[in-house]
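A.B. asks: I'd like to ask some things about the structure below.
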There are 2 protein chains.
Amino acid sequence: MPAQNATLDFVRRLLHREAIGSLKKVLAKLQPADVSDILTHCTPGERHLLITILYVTRQAGPVLAELPDETLRQTLEGLSNDVLVRVLQEVGADDGAELLQKLPKDRCSEILERLPSVYAEKIEEIFRYPDDSAGAYMNTLYLQFHYRMTSREAVDRMRAWFDSHQEPIYTLYVLEETHRLMGTVAVHKLVLAQPETLLGDLIDPDPVCVNDTTPVREAAETMVKYDYVSLPVVDDQFRLLGIIMVDDMVDVMMESAADSAYQIHGLADEDRLETPVTTSLRLRLPWMLLNLLTAFIASSVVGLFEASIQQVVALATFMPIVAGLGGNTGTQALAVIIRAMALDEVEAAAARRGVIKQLLVSLLLGLAAGLITALIAWLWRGNPMLGVVIFAAMVLNMVLAGFVGSAVPFLLKRLRQDPAVGGGVLVTACTDSLGFLGFLGISTLFLGYL
Amino acid sequence: MPAQNATLDFVRRLLHREAIGSLKKVLAKLQPADVSDILTHCTPGERHLLITILYVTRQAGPVLAELPDETLRQTLEGLSNDVLVRVLQEVGADDGAELLQKLPKDRCSEILERLPSVYAEKIEEIFRYPDDSAGAYMNTLYLQFHYRMTSREAVDRMRAWFDSHQEPIYTLYVLEETHRLMGTVAVHKLVLAQPETLLGDLIDPDPVCVNDTTPVREAAETMVKYDYVSLPVVDDQFRLLGIIMVDDMVDVMMESAADSAYQIHGLADEDRLETPVTTSLRLRLPWMLLNLLTAFIASSVVGLFEASIQQVVALATFMPIVAGLGGNTGTQALAVIIRAMALDEVEAAAARRGVIKQLLVSLLLGLAAGLITALIAWLWRGNPMLGVVIFAAMVLNMVLAGFVGSAVPFLLKRLRQDPAVGGGVLVTACTDSLGFLGFLGISTLFLGYL
């Protein structure tokens, strides 16, 4: 692994000495992802100079494709349309579409008009797909093979392709006359085949593939399930439209895994760091109102016992402890189950055992927390009975929290709802309301002794 | 894509008719992942029969490697050691090690003794690595190439390899005499090369690689960064030890993405659905105590204002609303930042804007929530001043929640702590304590008017 900081310092020193020749050599040896790292840590001035050099060495396209959003946007602003038109042609249509989407709309259409029509059409095709469909992620510039080609012809076609393309090929997609996908040939099979063997005789038939309108998450799951590094995208007639690569799907899978835990708090997928304030507000407002409603329910429960609180004001003091620990225990149980569901680790038999385990853990944590709180309540307030009441209320609430936290995702799933969305709001609603009901209820029963 | 339910029904019908010949044909056409799906949905009896057929057709190994934990454990229990010894040899040492780890210790050593010594040693090597190191995930049975080999010799070696192995090869790892990794040759380059070309002339030098002791998450990140489908693992002398495949790393990356959001609630990575109760307890107990401590701080804040609560008991009723909405807003801001950090989307420039945005969203949500709560408080209690106090307290607490939620991960990161671990506990501690301080403090100032 390259020592990144050392390389960064070295590149910067060369930049300041304007040693363009040496810079070209150093940059040529680095991977696009490493050059992208360097650019991210440069000043805008340094970055501009580096991009100019990368433009000359024809590395700019793949490097831009690796830049993080913010740096990319800044960098694109500093590039002329002439430069961009050439740079875009160094990357696949899928990366090209992603770069263009970072530009203001009118600049994007200006550049599209100046791109070679074949490439521009491929990009426009990708633009027509919804953001979350497999079609939006596919590379439409790929090498096509015909089942009546010989191995030798296929190799010649690959040779011609690699003269102008750098992306590796792992699998050959073999088509019928009608452009229907007939099967695949792993590149290593081509290595082992006799030159005159027909591709049709080498293919694995019935290839796993997805439709262009398939949600991209499903495509990613399919890819992971079968351990594929590329996946063909076809239309309704099974005609090959493009190819999805595993590296693009890894991001989709990671986001999907991160999302489930994220949605627990009533956050929408689209509510990101960079989302405009108005969008975030629109997405969160309904959840805030639901949260307000559940908070008012908890508040009304407390309201029922105002007379008790008036008599023993210490009850108000201990309310945050009952609610706080119940909330945390419930959310933990919820997170354990949601995480297992998101990573597809929940089997029917394991689910029941999982819930029982959460109940048991919550009970034991509740006993410990209840005991400590009871002792402190007794010592602080000099009232052993207050301790007993708090102990009972906390054990009760934490067992309840463990149950609600682990049952809510299964319940939401059975109701055909996303088990993650808003689970946290529901769980704390229960632990708050029922926690107060338990605590203040028991307290009221024993009011004479408090 | 195969219609899974249809295939499952079909296989079951064949099973009940005991049409073994047809079953063999159907199963041979399916991918291991699909057969694994079918097994997961079968009764133990059906499963046993299917495994026997897969054993005969030599498909059992790859299928077992795809089974989810619980089904796998049940299935392994039903297999004899003789069967397992042969089945294990159908998969790589990495998958073999994973299967063996599901067995009781003594059964595992029994089987290891009966495996061919080369294979058993490879598995024992893997067992020696810590669970979270790259070494534990590498495949140590791989094809080795020497830089003085010709293309033709390399192709012959591949041909011999594929006679007994099924996993595809995408990259050739080329070694020096000393077993040091010299470089890589993409398989497609071998396709295009002349038969007499030396591998040494085809290699890409300076391959990106990881050490066997590198944490596996770092290895996964490296792989994703460079868009590789396989990654060589080397020792300190740069000698090749094994190969990591992207499909194993996708799981690692997904788990890592899911974990950060998980840790927010003071949950440890290792606290899973299947973790023994005692382990879960040991992992959660310290967090529970911290949570208890912060809850007592919040409780003491309330204690300071017992006199005010005694005078206006409605204050106790509205406490859950102030705390509940603050907590949720804070956790939302926290989750947005943690998610961006986990997916490596936070650049320096974006971070400041991200915090400001969270503050703004929280302020606007606070204004809305405060207004609604104030109106209800006024109508419910008939006291407009109580509404004003609640409005002020809620806006204050929600802005504070937005700030704390988005600042805590950066603070923890600066303190070189994992920004996710326990962030939620810290944030709700602040929103509870400061929320009560604000609400009850303001209330006490205006006590005469309430």
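The values are calculated or read from the model by the stated rules, or taken from the named source; none is laboratory data. Keep in mind that this is a model prediction, so the values were computed, not measured. Because the Cβ atoms are built from the backbone with ideal geometry, glycine has one as well, and the counts that use them run over all protein chains shown. Ligands, DNA and RNA are excluded from the accessible area calculation, which covers all protein heavy atoms including side chains. Shrake-Rupley method; radii C 1.70, N 1.55, O 1.52, S 1.80 Å.
A.B. asks: Of B:Val301, B:Val346, B:Val355, which residue is among the β-branched types (Val, Ile, Thr), crowded, with 21+ Cβ neighbours inside 10 Å and either more than 8 Å from chain A (Cβ to nearest Cβ) or in a helix (DSSP H, G or I) (or both)? Break it down into steps so the answer makes sense when it comes.
C.D. replies: Values: B:Val346 fails: either more than 8 Å from chain A (Cβ to nearest Cβ) or in a helix (DSSP H, G or I) (or both); B:Val355 fails: crowded, with 21+ Cβ neighbours inside 10 Å.
Among B:Val301, B:Val346, B:Val355, only B:Val301 is among the β-branched types (Val, Ile, Thr), crowded, with 21+ Cβ neighbours inside 10 Å and either more than 8 Å from chain A (Cβ to nearest Cβ) or in a helix (DSSP H, G or I) (or both).
A.B. asks: Can you pull out every residue in the stretch B:72-103 that is among the polar types (S, T, N, Q), assigned to a helix (DSSP H, G or I) and surrounded by fewer than 21 Cβ atoms within 10 Å (Cβ to Cβ)?
C.D. replies: Taking the stretch B:72-103 as the starting set, the residues that turn out to be among the polar types (S, T, N, Q) are B:74-75, B:80-81, B:89, B:101.
Subsequent filtering for residues that are assigned to a helix (DSSP H, G or I) retains B:74-75, B:81.
Passing the criteria: B:Gln74, B:Asn81.
A.B. asks: Any chance you could count how many residues in the stretch A:276-286 are more than 8 Å from chain B (Cβ to nearest Cβ) and either touching a residue at least 40 places away in the same chain (Cβ under 8 Å) or β-branched (Val, Ile, Thr) (or both)?
C.D. replies: 2
A.B. asks: What pairs come out if I take residues in the stretch B:166-182 that are in contact (Cβ under 8 Å) with a residue 40 or more places away in the chain and pair them with residues that are outside any strand (DSSP E or B) and open to solvent by less than 40 Å² (accessible area, probe 1.4 Å) whose C-beta lies under 6 Å away, six or more apart or interchain?
C.D. replies: B:Tyr170/A:Tyr170; B:Tyr170/B:Val187; B:Tyr170/B:Val229
A.B. asks: Between B:Tyr119, B:Tyr173, which is surrounded by 19 or more Cβ atoms within 10 Å (Cβ to Cβ) and out of contact with any helix residue (DSSP H, G or I) (no Cβ under 6 Å at 6 or more places or on another chain)?
C.D. replies: So the residue among B:Tyr119, B:Tyr173 that is surrounded by 19 or more Cβ atoms within 10 Å (Cβ to Cβ) and out of contact with any helix residue (DSSP H, G or I) (no Cβ under 6 Å at 6 or more places or on another chain) is B:Tyr173.
A.B. asks: Filter the stretch B:314-343 down to the residues that are surrounded by fewer than 24 Cβ atoms within 10 Å (Cβ to Cβ) and within 7 Å of chain A (Cβ to nearest Cβ), then identify the one that is modelled with the highest pLDDT.
C.D. replies: This residue is B:Ala340.
A.B. asks: Next question, about the same structure. Given the criteria outside any loop (DSSP other than H, G, I, E, B) and more than 21 Å from A:Thr317 (Cβ to Cβ), does B:Leu412 qualify?
C.D. replies: yes
A.B. asks: Do the conditions hold for B:Val277, that is, is it of a type outside the set (S, T, N, Q), in contact with a Phe, Trp or Tyr (Cβ under 7 Å, 6 or more places away or on another chain) and over 30 Å from B:Leu143 (Cβ atoms)? It would help to see each step written out before you state the result.
C.D. replies: Values: of a type outside the set (S, T, N, Q): yes; in contact with a Phe, Trp or Tyr (Cβ under 7 Å, 6 or more places away or on another chain): no; over 30 Å from B:Leu143 (Cβ atoms): yes.
Answer is no for this residue.
A.B. asks: Does the stretch A:156-170 hold any residues that are crowded, with 18+ Cβ neighbours inside 10 Å and either β-branched (Val, Ile, Thr) or more than 12 Å from chain B (Cβ to nearest Cβ) (or both), and which are they?
C.D. replies: Within the stretch A:156-170, A:Ile169 is the sole residue that qualifies.
A.B. asks: Return the residues of the stretch A:11-31 that are open to solvent by less than 20 Å² (accessible area, probe 1.4 Å) and either β-branched (Val, Ile, Thr) or in contact (Cβ under 8 Å) with a residue 24 or more places away in the chain (or both); say none if nothing qualifies.
C.D. replies: Within the stretch A:11-31, A:Val11, A:Leu15, A:Leu23, A:Leu27 meet the criteria.
A.B. asks: Restricting to the stretch B:231-254, what's the tally of residues that are touching a Lys or Arg at 6+ places or on another chain (Cβ under 6 Å) and in a strand (DSSP E or B)?
C.D. replies: Within the stretch B:231-254, residues that are touching a Lys or Arg at 6+ places or on another chain (Cβ under 6 Å) and in a strand (DSSP E or B) number 1.
A.B. asks: Kindly check whether there is at least one residue in the stretch B:385-392 that is among the small types (Gly, Ala, Ser) and either farther than 30 Å from B:Val252 by Cα or not in a helix (DSSP H, G or I) (or both).
C.D. replies: Yes: one or more hits.
A.B. asks: Would you confirm, using the coordinates I've provided, whether A:Ala393 is out of contact with any Pro (no Cβ under 8 Å at 6 or more places or on another chain), more than 11 Å from chain B (Cβ to nearest Cβ) and surrounded by fewer than 23 Cβ atoms within 10 Å (Cβ to Cβ)?
C.D. replies: no
A.B. asks: Given the residues B:Asp344, B:Asp432, which is the only one that is touching a Ser or Thr at 6+ places or on another chain (Cβ under 9 Å) and of a type in the set (D, E, K, R)?
C.D. replies: Only one candidate passes the filter, namely B:Asp432.
A.B. asks: Just checking, does the stretch B:73-89 include any residue being within 14 Å of chain A (Cβ to nearest Cβ), over 25 Å from B:Glu125 (Cα atoms) and small (Gly, Ala, Ser)?
C.D. replies: No, the conditions are met nowhere in the stretch B:73-89.
A.B. asks: Exactly one condition in (1) surrounded by 20 or more Cβ atoms within 10 Å (Cβ to Cβ); (2) under 17 Å from A:Val191 (Cβ atoms) is not met by B:Pro195; state its number.
C.D. replies: (1)
A.B. asks: Name the residues in the stretch A:304-313 that are at the interface with another protein chain (Cβ under 7 Å from one of its Cβ atoms) and surrounded by fewer than 24 Cβ atoms within 10 Å (Cβ to Cβ), would you?
C.D. replies: Within the stretch A:304-313, the first condition is being at the interface with another protein chain (Cβ under 7 Å from one of its Cβ atoms), and the residues that meet it are A:306, A:309-310, A:313.
Matches in the stretch A:304-313: A:Glu306, A:Gln310, A:Val313.
A.B. asks: Hey, another quick one. Within the group A:Ala335, A:Ala316, A:Ala323, which residue is hydrophobic (A, V, I, L, M, F, W, C), closer than 19 Å to B:Val301 by Cβ, in a helix (DSSP H, G or I) and under 32 Å from the mean Cα position of the chain (by Cα)? Lay out the reasoning, then the answer.
C.D. replies: Numbers: A:Ala335 fails: closer than 19 Å to B:Val301 by Cβ; A:Ala316 fails: under 32 Å from the mean Cα position of the chain (by Cα).
Testing whether each residue is hydrophobic (A, V, I, L, M, F, W, C), closer than 19 Å to B:Val301 by Cβ, in a helix (DSSP H, G or I) and under 32 Å from the mean Cα position of the chain (by Cα) leaves just A:Ala323.
A.B. asks: When you scan the stretch B:201-209, do you find a residue that is within 24 Å of the chain's Cα centre (by Cα) and within 11 Å of chain A (Cβ to nearest Cβ), even just one? It would help to see each step written out before you state the result.
C.D. replies: Just the residues of the stretch B:201-209 that are within 24 Å of the chain's Cα centre (by Cα), to begin with: B:208-209.
Filter once more, keeping what is within 11 Å of chain A (Cβ to nearest Cβ): B:208-209.
Among the residues of the stretch B:201-209, at least one is within 24 Å of the chain's Cα centre (by Cα) and within 11 Å of chain A (Cβ to nearest Cβ), which makes the answer yes.
A.B. asks: While we're looking at this one, here's another question. What are the pairs, 6+ residues apart or on separate chains, where a residue within the stretch B:187-201 that is within 11 Å of B:Glu153 (Cα to Cα) has its Cβ under 7 Å from a residue that is among the charged types (D, E, K, R)?
C.D. replies: Filtered contacts from the stretch B:187-201: B:Pro195/B:Arg152; B:Glu196/B:Arg152; B:Leu198/B:Arg148.
A.B. asks: Another one. Test of understanding: among B:Phe439, B:Phe446, B:Phe410, which residue is within 19 Å of A:Asn291 (Cα to Cα), among the hydrophobic types (A, V, I, L, M, F, W, C) and out of contact with any Ser or Thr (no Cβ under 9 Å at 6 or more places or on another chain)?
C.D. replies: B:Phe439
A.B. asks: Just the residues that are over 48 Å from the mean Cα position of the chain (by Cα) and surrounded by fewer than 17 Cβ atoms within 10 Å (Cβ to Cβ), please, taken from the stretch B:371-387.
C.D. replies: Listed by number, the residues that qualify are B:Leu379, B:Gly382, B:Asn383, B:Pro384, B:Met385.
A.B. asks: On to the next question. Could you list, in sequence order, all residues of the stretch B:140-155 that are open to solvent by 20 Å² or more (accessible area, probe 1.4 Å) and touching a Phe, Trp or Tyr at 6+ places or on another chain (Cβ under 9 Å)?
C.D. replies: B:Leu141, B:Tyr142, B:Leu143, B:Gln144, B:Glu153 - these are the residues of the stretch B:140-155 that are open to solvent by 20 Å² or more (accessible area, probe 1.4 Å) and touching a Phe, Trp or Tyr at 6+ places or on another chain (Cβ under 9 Å).
A.B. asks: Mind listing just one residue for me: the one in the stretch B:227-244 that is touching a helix residue (DSSP H, G or I) at 6+ places or on another chain (Cβ under 8 Å) and closer than 18 Å to B:Leu141 by Cα and, of those, nearest to the other protein chains (Cβ to nearest Cβ)?
C.D. replies: B:Val229
A.B. asks: Scan the stretch B:407-424 and give yes if some residue there is within 14 Å of chain A (Cβ to nearest Cβ), closer than 23 Å to A:Gly326 by Cα, at pLDDT 90 or above and open to solvent by less than 50 Å² (accessible area, probe 1.4 Å), otherwise no.
C.D. replies: No, the stretch B:407-424 contains no residue that is within 14 Å of chain A (Cβ to nearest Cβ), closer than 23 Å to A:Gly326 by Cα, at pLDDT 90 or above and open to solvent by less than 50 Å² (accessible area, probe 1.4 Å).
A.B. asks: Go over the candidates B:Asp251, B:Asp269 one by one and state the one that is open to solvent by 10 Å² or more (accessible area, probe 1.4 Å) and either over 30 Å from A:Leu364 (Cβ atoms) or facing chain A (nearest Cβ under 9 Å) (or both).
C.D. replies: Numbers: B:Asp269 fails: either over 30 Å from A:Leu364 (Cβ atoms) or facing chain A (nearest Cβ under 9 Å) (or both).
Of B:Asp251, B:Asp269, the one residue that is open to solvent by 10 Å² or more (accessible area, probe 1.4 Å) and either over 30 Å from A:Leu364 (Cβ atoms) or facing chain A (nearest Cβ under 9 Å) (or both) is B:Asp251.
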